[in-house]
Every structure is written in C-alpha cells, then in structure tokens.
1. Could you check A:Leu173 against (1) touching a strand residue (DSSP E or B) at 6+ places or on another chain (Cβ under 6 Å); (2) at pLDDT below 95 and say which number it fails?
2. Take B:Arg151 and decide whether it is of a type outside the set (Gly, Ala, Ser) and either surrounded by fewer than 21 Cβ atoms within 10 Å (Cβ to Cβ) or closer than 24 Å to B:Ala16 by Cβ (or both).
3. So, in the stretch B:219-262, of the ones that are in a loop (DSSP other than H, G, I, E, B) and polar (S, T, N, Q), which residue ends up nearest to B:Asn111 (Cα to Cα)?
4. At pLDDT below 90, more than 24 Å from the chain's Cα centre (by Cα) and more than 17 Å from A:Ile36 (Cβ to Cβ): is that true of A:Gly210 in this structure?
5. Mind counting the residues in the stretch A:241-269 that are without any contact (Cβ under 8 Å) to a residue 40 or more places away in the chain and within 11 Å of chain B (Cβ to nearest Cβ)?
6. Just for the stretch A:67-84: of the residues that are part of a loop (DSSP other than H, G, I, E, B) and at pLDDT below 75, which one is nearest to the other protein chains (Cβ to nearest Cβ)?
7. Looking at the stretch B:191-220, which of its residues are buried (at least 22 other Cβ atoms within 10 Å of the Cβ) and among the charged types (D, E, K, R)?
8. Would a scan of the stretch B:185-192 turn up a residue that is in a loop (DSSP other than H, G, I, E, B) and without any contact (Cβ under 8 Å) to a residue 24 or more places away in the chain?
Amino acid sequence: MSAQEREADSIDHSGEVALLRLAAVGAVDDGKSTLIGRLLHDADQLTEDQLQALESASRARGQSGINLSFATDGLRAERAQGITIDVAYRYAVTPHRKLVIADCPGHVEYTRNMATGASTADLALVVVDATRGLREQTRRHTALAALFGVRHLLLAVNKMDLIDWDERRYRELTQEMQLLARSLGGTAVESVPISARHGDNVVERSVHAGWYRGPTVLEALEQVPTSTFAGPGMTGMRLPVQLAERGPEGTIRVAGMLMGAEVQVSDEVVILPEGRRTRVTALETLAGAVSSARAPLSIWLTLADGVGVQRGDLIASAVDPPVPSRDQVATVCWFAHYRLCRGQEFVVKHTTRVTTGRVLAVESKLDLDTLRLGPASYLETNDIGVVRWWLADAIGADQYQDSRASGSFIVIDPKTEVTVAAVMVGAPAVT
Amino acid sequence: MRPVDPDYLDVLESHAVFVMREVVAECRRPALLFSGGKDSAVLLRLAEKAFRPGPIPFPLLHVDTGHNFPETLEFRNRRVGELAADLVVASVQDSIDRGLVADPWPAESRNRIQSVTLRDAISTYGFDACFGGARRDEDKARAKERVISLRKSDGGWEPDQQRPELWQVYYGGVRAGEHLRVFPLSDWTEMDVWRYIQRESMDLPSIYYSHRRSVVDRGGILLAVSEWVVPGPGEAAEELSVRYRTVGDATLTGAVRSPARTADEVIAEIADSRVSERGATRGDDRFSESSMEDRKREGYF
C-alpha cells in the first residue's frame, strides 16, 4: 500500500488523525538524516521522481545506490559541506498520524535553528551511533530538547549492524539515556535498536534482533500521545487576544488560538493583566457557533463585559489564572553574536503582546554537560542562563513547564528586528 | 478519559488562520499573492474565514505573466467579485514595456522574471508582508523556509540568515526596505490541500478537473496548445482527457492525463500517484537540485 493510499484510507477515520510534531536530533554522522530518509522511503512517502533525484544526487557524489540522507539536506551550502545548517521539515502520514518531522542541525553554532525545531516538538527522536555511544553533542541536544519542553524521547540506537546486533550494548545505551532523561526532569524514554542504512526496525521489523520485542520507530511514533502546549501543571484555559471587535451592549468579540483546557459558553474568565472577571457568552470556531471549544483551535469568543479588551491581553480561566507581573525570572537561550548583559533593552513578544524589556541581571549560566547552574554576569552566543527581566507591561505568564505557549517569550533586537533569544519563564526544567 | 485530539485538518486550518491574524495585526500593509491556483484559492478561503463577517483586510496581488489559462483569470475575477476584495494586478508585460527586464519569451518562459515584477509591485505599493501559498512539501529549499520569511531590500531570501522562529510566536517587524513572505500553508501537503478543498466544497478553476484538451508532449510535459504553445516540426498535438495538478504560467505548466472530475476523484487519484506534484507538472523545477533555492534568492515566491 502506498503512503498516499494510507493517507486516503485515513480519510475514513477523520477525527482520529492527530498531528504529531517531532524533532530529530543527534550528533553529526550518527545517522539522523539517513534515518529520516529511511523512514520516508520505507513508509512509502517518497515518489518516483523524488527517488530518482536522490539517486542522481548520490551518483553525482560518487556513491552507488541511494544515499537516503540527501532526502533532507536542501541548501547548496549543506550539500557542499555535508552537514545540516537549518531545520528541514518533512511530512509523513499514517492511518492515525500526520507527522511533521523537523530535521534539526547538530552543530552548536546553529543552536538557534535547533531551538526553532525543538520549540514546537511533541517528541524528540534522538539518534545515537551504537559504535560511538552517547556523545557530548547527543547529551547537549537531548538536554536542549528537554529544556524546550519536549516530554517524550525516542532513542534510535543506530548502526546496530556494525556491532552484530549486540543486545547488551543496546541495553547499556538505553540505560545511559534513561539516566540522562531522569536528570532532565523525568522525560519519558522509549528506545529502538535500528539500522537506518539497511532499514531494520525503522518501518520494517528487523530479522537480526530476535531479542527485541518492542515497536519499530514508526510504530512508536504512532503510539506516543500528542500533547502540544499544555503541561500537567496548568488546568485552565488560555486565550491570547489577537484581534478585538466591539459588539452590542459592552460585549466584545475576540479572536485567538486556544491553549490549555477546553472553554465553554458561560465559563467565568479573567482578563489579564487588568484582572477583571467576566463570562463567555458565545463561542465560534472556524466552522461556526459552538458551545465548547478545544485547543489548539482558532476561535472567536464573546465576553459579556469586555470593555477595553485589546490585542495582547490574555483571557484565562478564572480558576487558576497566572499572576501578571513586570518582573520575570526566566531561562534564556541566547542566539546573538554579542553578549547579553545587564541594562540592555529589547523588544519582547509574549503570546500576542509586543512590549519592551530590560535586563535587570544575568543571574547564572547553565552548563549543559553537567546540568548545573554556575555564576555568570553575561551570556555569549548559544549560552543558556537564568536572567531577570523588567518589562514595560505586566504579562500574565505561566511557568514554561506548565504551558509552553503562555510561559515563553521571544526577545527581538530593535535595531535589526531579529529574534535574539528564546525565553522560558521560570528556572531551567533540566536542573 | 482524555478527549479525542482535534482532527489534524482543523489544526492546520487554525494555525494558518492564527498566522494570518498575527500578520494583519502587526504589519502595516500586507497583501495576499493570488494566482488563481489551488493553493492561493485555499489561502483566500482561509482569509475569508479568518476575518468574517468582516471583509478581507488586505488586497490580493496577482503577478500576471500574460501567459494565463483563461479559466484561471475567470476564476480570479469571480472570487474577487464574490468577496468584494481589492485586486492589484502586477503585469510582467508592463515590467518588460518599462524596460525593467528583458522578455525572455519565446526562448524561455516568463516564470523567472516574475520576481522582478513582484519586487517592483512590493515597493510601488509599499507591501511589508505578502501571504503566499507555498508549501514545504513542494521542494527541498522550501522545506527549509520559515513560516514568516524575511526578504532583504533586494527581495532576496538569505537561507543561511533566517531568523529563529520559536514556538508559535510570530513577529512581523522589518527594517525599512525589507518585507516578509508569509506561508500559512507551510505544513500542508498536496493531499491536505485537496482534503480541505473537498471539506469546504471550494470552487476552483475548472482546469483542475478532467476536461478534453489539445496538448503537445515536450520532454514528458504535456503542454496545452495555445497562442504561445504551437506544435513545431516533428511534434503532434493530441486531444486527451487531462487536468492540472498545479496552475502557473501556461507556457510551462504541464497537464496530467486524468479522468478525475470531482475533488473526491482527485483525492483518489493523488493517493495512487507515484509522481510528486512539481515533478509531474512544472518545467521550471527540473533544472537542478538548487533551482528553487536560486530563484528564491532572487526574490521568487
């Protein structure tokens, strides 16, 4: 059955096809791009002309057969250097899942691109070369993924064919990753012994590992729960206001994309940062009026008393709303080529609110190898640290560990308009 | 019990609408690139749903190579009328007449020089963001592009200098002379687009469905015989049942043999297809591994 046939099949189960975003990470040469290429190939997601293109690209580099890793390297510089510089997105579909695969770069200088891929991922697919084991880069990437709130790790122990499918070695590496995951805040780990090059246990079950009873990579991806932007610590609903329109008798209709819990007509909500309480009187999804709506749908929500509500405000459930504050202590992943120090001012965007923020203090810096915070007074490119900010407007931010979307903000250099930092409210999740 | 996850098509739709609303809120003067093709028809449908019952709060920009399928122009005018939308037509012929660019036709298609007309329209009208229907599944270079992608003052894409794009926080700021290309359909595939067309019972140009047409086979691409495409010596026109998988410049967009007359039949057909959308139908993407990257660097869609 071709992939598209599988997709066509899935039409019959509409309502059950969920979107899973995954970030593929791992050290250079451990076989990340080959695994993605293999997954697409064996799950029949590549068409004849794409296969021909891969074949001729392989031939042009003097390789016989098809080098599947070329399926994801899209830029000239990447093909020239044989590395991944920026995230490539690929898509696969199974009867129960639409997979959005972000192939993330391995080099530390491209951390900003890895962060781009990891920040939206539900799952990190960590590829490790069984002959080389967990390397510094593997650990760093896994830690970054966990830091960015990825709650599921799928470890692909690759190149098992080169170690004769040695079960003991596989168990050692799995255990090592489980230890790492425990120190990273208890991220769930599943592992699969594979050979990406030969296609063992990626989509097709390997005949070489009779001792392995678990799922293939694709099966594991179909089974993991999708859990986008709300963590277990947040029970309420959040709706950042994108647009606001006045309605009759003081009502106001706001547009936004829901996060967190379900919202229902007549729910009591609070408007942040103002703090006024009111009720939801009507809800519309893009399909029309409804009595309740779920994340991550884009909705219109009408408030009984919405006078003064504007873009950038946050509508939250009245039960456990975040406390608005201008003072934010947060974990920063710094991308710019200059230092982040006390006193600097930036543009800040939290959900839909654009404001400005000043660095009150760089409090500490995270060592991604030891996962310890040490003293620091500045951050350099690709450093991660804890920074205290003072914002021009109060924001109703959740802890990042509870809600990625309402617990994060981006920092923009006002001179270049370039995003220079990813900021996660609260202490690093990995210490 | 954990509730069922929303259907992925609803998630894709909601995300695309979210992106459009962010850009409308943050950019001074956005526009929607509307060619009359199916992807831009989906974009237009999303824009309609994102802002209704209000009007679409930005103009549509059609970069017109002058080499159109009449059915596409007819569709464009019909949709513009139905939505009472503003339409801006940027004409490649006009760019040629004003001496901005030399006409490569008939030696080559006008596809590549559309970038000149587009850049000119962007600066003339002061657009700071252009919505486009490009999808990451179309090409290797597109697969690398952000949802909101910065263009420098020369209109070019610098793939090694992309801004980080974190979570779903989209930022619309640009410096003077720069602009954004915004791709709300980034994570959609050809199949997703057709499922959406089906679900929304969307209208499309009739050439997306099977019809009889006189075509000529050039290097495996079935080109419609027209005032621009005339069978040469050794070529013979054939009348076949065909449809289009993509619709662009009529001098290089190929038809595919097809009996599919409805969205359901097209979906069934794509499900069986062993050839990608661009591989089947676009003469412009066949040159090299980097042809799309090169054109994007020049300011192409």
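1. All conditions pass for A:Leu173, except number (2).
2. Values: of a type outside the set (Gly, Ala, Ser): yes; either surrounded by fewer than 21 Cβ atoms within 10 Å (Cβ to Cβ) or closer than 24 Å to B:Ala16 by Cβ (or both): yes.
For B:Arg151, the condition - of a type outside the set (Gly, Ala, Ser) and either surrounded by fewer than 21 Cβ atoms within 10 Å (Cβ to Cβ) or closer than 24 Å to B:Ala16 by Cβ (or both) - is met.
3. Of the stretch B:219-262, the ones in a loop (DSSP other than H, G, I, E, B) are B:219-220, B:225-237, B:245-252, B:254, B:258-262.
From what's left, polar (S, T, N, Q): B:226, B:246, B:251, B:258, B:262.
Numbers: B:Ser226: 17, B:Thr246: 14, B:Thr251: 9, B:Ser258: 25, B:Thr262: 29 Å.
Looking at residues that are in a loop (DSSP other than H, G, I, E, B) and polar (S, T, N, Q), I get B:Thr251.
4. Working: at pLDDT below 90: no; more than 24 Å from the chain's Cα centre (by Cα): yes; more than 17 Å from A:Ile36 (Cβ to Cβ): yes.
No, not satisfied.
5. Number of matching residues: 2.
6. A:Gly74
7. B:Asp192, B:Arg195
8. Step one: list which residues in the stretch B:185-192 are in a loop (DSSP other than H, G, I, E, B), which gives B:185-189.
Okay, now just the ones that are also without any contact (Cβ under 8 Å) to a residue 24 or more places away in the chain, so none.
Looking through the stretch B:185-192, none of the residues is in a loop (DSSP other than H, G, I, E, B) and without any contact (Cβ under 8 Å) to a residue 24 or more places away in the chain.
The values are calculated or read from the model by the stated rules, or taken from the named source; none is laboratory data. Given the structure is predicted, the values throughout are model-derived calculations rather than measurements. Positions of Cβ are backbone-derived with ideal geometry, glycine not excepted, and every protein chain shown enters the neighbour counts.
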